[in-house]
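Chemist: Please see the structure below; I have some questions.
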Amino acid sequence: MSRRELDSTSVETLRDWDRSHLWHPFANQAEWDRDDPVVIDRGDGVYLYDRLGNRYLDGVSSLWCNVHGHRRSELDRAIVEQLGSIAHSTLLGITHPTAIALAKRLVELAPEGLTRVFFSDDGATAVEVALKMAFQYWRQLESPEPKRTKFLALSNAYHGDTLGAVGVGGVERFHATFGPLLFPTLRAPAPFCYRCPLSLEHPKCAIACLNEVERSLSEHDGEVAAVVVEPLVQGAAGMIVHPPGYLGGIASLCKKYNVLLIADEVAVGFGRTGTLFACEAEGVSPDFLCLAKGLTGGYLPLAATLTTERVRGAFVGDEINPKTFYHGHTYSGNPLAAAVALANLDLFGSDETLDKLPAKIDRLGAGLEGLARLDHVGDVRRRGLIAGIELVLDKETKTPFSASDRIGARVCLVARRLGVLLRPLGDVIVIMPPLSIDLEQIDELVAVVSDSIIEITRPLL
Ligand SMILES: *Cc1c(COP(=O)(O)O)cnc(C)c1O
């Protein structure tokens with residue numbers, strides 16, 4: 001089918017074909033069959049346009065990955081220029097300049113000590129790579145520690161949907177079904193201050209949940225290969241913002257118990273929390289840094305797992321024992337994706353993206369202050385340009401709505417009608433716009449979210 005034919009196909013026909021042949025990720029099939037999905041046709045800056053010409057502000061960065069806006073000429077051009085040489089060539093056995101340049105660039109930008117880049121395609125694979133490397137690392141040391149087979153992760157963690165990543169994940173709703181297939185993982189309570197698992201209060205608690213991490217590491221001393229965390233913000237858990245000092249605390253415990261630290265910055269990397277990488281906020285240099293979503297500015301799938309010379313050194317063998325890391329993906333380090341990733345990083349410089357962030361973060365914060373006073377807004381969690389608004393039935397007791405009320409989904413439907421595309425996490429309304437959003441657009445976003453929450457929750461008073 002030609003582009004012209006596709007462009008002239010009606011919305012109704014497209015929806016019919018969609019319902020007949022597509023299986024959407026995370027979609028309730030029965031609901032999908034009933035609803036009329038928005039058919040997005042094009043984007044421009046922070047806006048998306050559907051087939052009927054309606055405009056929407058992209059309130060969740062097309063699932064947390066768009067950074068500098070849609071249809072950025074610099075990014076479009078990077079792909080076209082790369083197409084002038086080659087679209088794809090493998091990293092298995094041979095190499096190419098674009099992946100080389102991107103690896104070098106990432107190492108220059110990443111926290112100190114991360115000097116090696118392993119490319120894959122998605123956030124989940126970036127995490128799989130880190131888990132498998134960490135596991136193999138301990139078996140290949142000069143004095144091997146083969147008992148280190150366990151991983152420690154946080155409750156409500158989300159690291160992607162392949163089985164290894166699900167193994168360290170802890171979102172019941174997503175992961176419970178696959179329990180019998182997973183390797184056992186040590187679990188520490190998430191530092192979720194609004195609903196503290198230890199029933200304590202921050203900052204009086206002095207981050208007592210770190211003691212739980214230590215207890216687990218000490219109980220399983222010598223058995224843990226790595227600790228896996230989402231630095232600063234646990235995204236899919238409902239935008240759980242960690243208290244300051246938590247990440248640094250985890251890093252110290254990893255050092256104390258000689259355990260590797262895997263920082264999953266798939267969601268928080270590339271400026272979302274205010275610094276290029278979230279780990280910078282607490283001066284943490286992890287043993288593995290997992291990157292994906294924002295790496296290509298939201299243009300193409302590409303992921304990277306960065307690690308240290310210490311780890312890489314354990315994989316340098318000889319003829320008898322090659323110590324090879326037997327892992328790879330066909331499109332690892334794809335040149336088109338790598339080219340747009342390089343241009344994406346250039347835009348951080350030419351747009352002064354990080355310098356402009358504090359004003360935007362303040363504006364979002366100011367906007368959300370009013371919203372926090374609404375009757376059914378239990379908690380507004382915020383870090384950088386990420387916010388989660390938790391809606392509750394009773395603010396006093398923090399009693400949640402019944403899941404069948406689908407409050408979060410209904411608020412987002414209203415927002416859609418009012419011109420903002422959002423996707424909730426249960427009853428948490430997620431705000432995660434492209435970093436290129438301007439101050440007026442932030443006001444527009446907050447106003448629509450506020451109006452939508454009021455429209456759905458006012459009848460409940
Ligand atoms: C989205 C996400 C992943 C998975 O990334 P995919 O590209 O969807 O596989 C992993 N970790 C975190 C923290 C994420 O937010």
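Chemist: Return the total of residues in the stretch 389-427 being part of a strand (DSSP E or B) and under 25 Å from Tyr49 (Cα atoms).
Modeler: Taking the stretch 389-427 first, the residues part of a strand (DSSP E or B) are 389-391, 394, 399, 420-421, 425.
From what's left, under 25 Å from Tyr49 (Cα atoms): 420-421, 425.
Residues in the stretch 389-427 being part of a strand (DSSP E or B) and under 25 Å from Tyr49 (Cα atoms): 3 in total.
Chemist: Which pairs turn up if I take residues in the stretch 236-258 that are closer than 25 Å to Lys293 by Cα and basic (Lys, Arg) and look for partners that are away from the ligand (no atom under 15 Å from the Cβ) and not in a strand (DSSP E or B) with beta carbon separation below 6 Å, at least 6 apart in sequence or on another chain?
Modeler: Here the result reads none, with nothing in the stretch 236-258 linked to a residue that is away from the ligand (no atom under 15 Å from the Cβ) and not in a strand (DSSP E or B).
Chemist: Pick out the one residue from Glu309, Glu223, Glu230, Glu265 that is open to solvent by 10 Å² or more (accessible area, probe 1.4 Å) and within 13 Å of the ligand (Cβ to nearest atom).
Modeler: Working: Glu309 fails: within 13 Å of the ligand (Cβ to nearest atom); Glu223 fails: within 13 Å of the ligand (Cβ to nearest atom); Glu265 fails: open to solvent by 10 Å² or more (accessible area, probe 1.4 Å).
Only one candidate qualifies: Glu230.
Chemist: Can you find even one residue in the stretch 124-138 that is under 15 Å from Cys290 (Cα atoms), surrounded by fewer than 20 Cβ atoms within 10 Å (Cβ to Cβ) and in the same structural domain as Phe315 (by TED's automatic domain parsing)? Before the answer, list the steps.
Modeler: First, pick out the residues of the stretch 124-138 that are under 15 Å from Cys290 (Cα atoms): 124-134.
Subsequent filtering for residues that are surrounded by fewer than 20 Cβ atoms within 10 Å (Cβ to Cβ) retains 132.
Filter once more, so that each one left must be in the same structural domain as Phe315 (by TED's automatic domain parsing): 132.
Among the residues of the stretch 124-138, at least one is under 15 Å from Cys290 (Cα atoms), surrounded by fewer than 20 Cβ atoms within 10 Å (Cβ to Cβ) and in the same structural domain as Phe315 (by TED's automatic domain parsing), which makes the answer yes.
Chemist: If Gly160 passes every condition in (1) within 30 Å of Lys360 (Cβ to Cβ); (2) away from the ligand (no atom under 16 Å from the Cβ); (3) open to solvent by less than 60 Å² (accessible area, probe 1.4 Å) but one, which one does it miss?
Modeler: Every condition holds for Gly160 apart from (2).
Chemist: Scan the stretch 136-154 and report the pairs whose first residue is aromatic (Phe, Trp, Tyr) and whose second residue is part of a helix (DSSP H, G or I) and crowded, with 18+ Cβ neighbours inside 10 Å, with Cβ atoms within less than 7 Å and a gap of 6+ or a chain change.
Modeler: From residues that are aromatic (Phe, Trp, Tyr), the pairs are Tyr137/Val311; Phe151/Leu131; Phe151/Val168.
Chemist: Which condition from (1) assigned to a loop (DSSP other than H, G, I, E, B); (2) in contact with a Lys or Arg (Cβ under 6 Å, 6 or more places away or on another chain); (3) buried (at least 17 other Cβ atoms within 10 Å of the Cβ); (4) not hydroxyl-bearing (Ser, Thr, Tyr) is the one that Pro146 breaks?
Modeler: So Pro146 meets the others, but not (3).
Chemist: Given the options Arg19, Arg42, Arg15, Arg51, name the one that is open to solvent by 80 Å² or more (accessible area, probe 1.4 Å) and within 30 Å of the chain's Cα centre (by Cα).
Modeler: Details: Arg19 fails: open to solvent by 80 Å² or more (accessible area, probe 1.4 Å); Arg15 fails: open to solvent by 80 Å² or more (accessible area, probe 1.4 Å); Arg51 fails: open to solvent by 80 Å² or more (accessible area, probe 1.4 Å).
Checking each option against the conditions leaves just Arg42.
Chemist: Somewhere in the stretch 80-91, is a residue of a type in the set (Asp, Glu), touching a residue at least 60 places away in the same chain (Cβ under 8 Å) and assigned by TED's automatic domain parsing to the domain that holds Thr185?
Modeler: For the stretch 80-91, residues of a type in the set (Asp, Glu), touching a residue at least 60 places away in the same chain (Cβ under 8 Å) and assigned by TED's automatic domain parsing to the domain that holds Thr185: present.
Chemist: For Val316, only one of the following conditions fails: (1) aliphatic (A, V, I, L, M); (2) farther than 20 Å from Gly269 by Cβ; (3) in contact (Cβ under 8 Å) with a residue 12 or more places away in the chain. What is its number?
Modeler: All conditions are met except number (3).
Chemist: Answer yes if at least one residue in the stretch 60-80 is open to solvent by less than 30 Å² (accessible area, probe 1.4 Å), hydroxyl-bearing (Ser, Thr, Tyr) and touching a Ser or Thr at 6+ places or on another chain (Cβ under 7 Å), and no otherwise.
Modeler: no
Chemist: Looking at the stretch 184-207, which of its residues are free of Cβ contacts under 8 Å to residues at least 24 places away in the same chain and open to solvent by 60 Å² or more (accessible area, probe 1.4 Å)? Don't jump to the end; show me each part of the working.
Modeler: Looking only at the stretch 184-207, we keep the residues that are free of Cβ contacts under 8 Å to residues at least 24 places away in the same chain, and these are 196, 198-201, 204-206.
Ser199, Leu200, Glu201, Lys204, Ala206 - these are the residues of the stretch 184-207 that are free of Cβ contacts under 8 Å to residues at least 24 places away in the same chain and open to solvent by 60 Å² or more (accessible area, probe 1.4 Å).
Chemist: Another question about this same structure. Could you check the stretch 376-388 and list, in sequence order, the residues that are more than 14 Å from Ile456 (Cα to Cα) and either at pLDDT below 95 or more than 17 Å from the chain's Cα centre (by Cα) (or both)? Walk me through it before giving the result.
Modeler: Step one: of the stretch 376-388, the residues more than 14 Å from Ile456 (Cα to Cα) are 378-388.
Selection gives Gly378, Asp379, Val380.
Chemist: Restricting the first residue to the stretch 165-183 and requiring it to be aromatic (Phe, Trp, Tyr), which pairs with a second residue that is at pLDDT 95 or above meet a Cβ separation below 6 Å and a spacing of at least six or different chains?
Modeler: Correct list of pairs: Phe178/Val166; Phe183/Gly167.
Chemist: Can you name the residue in the stretch 276-306 that is part of a loop (DSSP other than H, G, I, E, B) and open to solvent by 40 Å² or more (accessible area, probe 1.4 Å) and is also farthest from Ala99 (Cα to Cα) among such residues?
Modeler: Gly283
Chemist: Condition check: among the polar types (S, T, N, Q), in contact with a Pro (Cβ under 8 Å, 6 or more places away or on another chain), in the same structural domain as Tyr299 (by TED's automatic domain parsing) and touching a residue at least 40 places away in the same chain (Cβ under 8 Å). Does Ser61 satisfy that? Full working, then the answer.
Modeler: Details: among the polar types (S, T, N, Q): yes; in contact with a Pro (Cβ under 8 Å, 6 or more places away or on another chain): yes; in the same structural domain as Tyr299 (by TED's automatic domain parsing): no; touching a residue at least 40 places away in the same chain (Cβ under 8 Å): yes.
The answer is no for Ser61.
Chemist: Report whether or not Pro400 is closer than 21 Å to Leu232 by Cα and either open to solvent by 10 Å² or more (accessible area, probe 1.4 Å) or free of Cβ contacts under 8 Å to residues at least 24 places away in the same chain (or both). Break it down stepwise before answering.
Modeler: Details: closer than 21 Å to Leu232 by Cα: no; either open to solvent by 10 Å² or more (accessible area, probe 1.4 Å) or free of Cβ contacts under 8 Å to residues at least 24 places away in the same chain (or both): yes.
So Pro400 does not fit the description; no.
The values are calculated or read from the model by the stated rules, or taken from the named source; none is laboratory data. Every value quoted in this text rests on a predicted model; they were computed, and no experiment measured them. Methodologically, a virtual Cβ is constructed for each residue, glycine included, from the backbone with ideal geometry; neighbour enumeration extends over all protein chains shown. The protein model used for the area step is the full one, side chains on, heavy atoms only, and it has no ligands, DNA or RNA in it. Shrake-Rupley method; radii C 1.70, N 1.55, O 1.52, S 1.80 Å.
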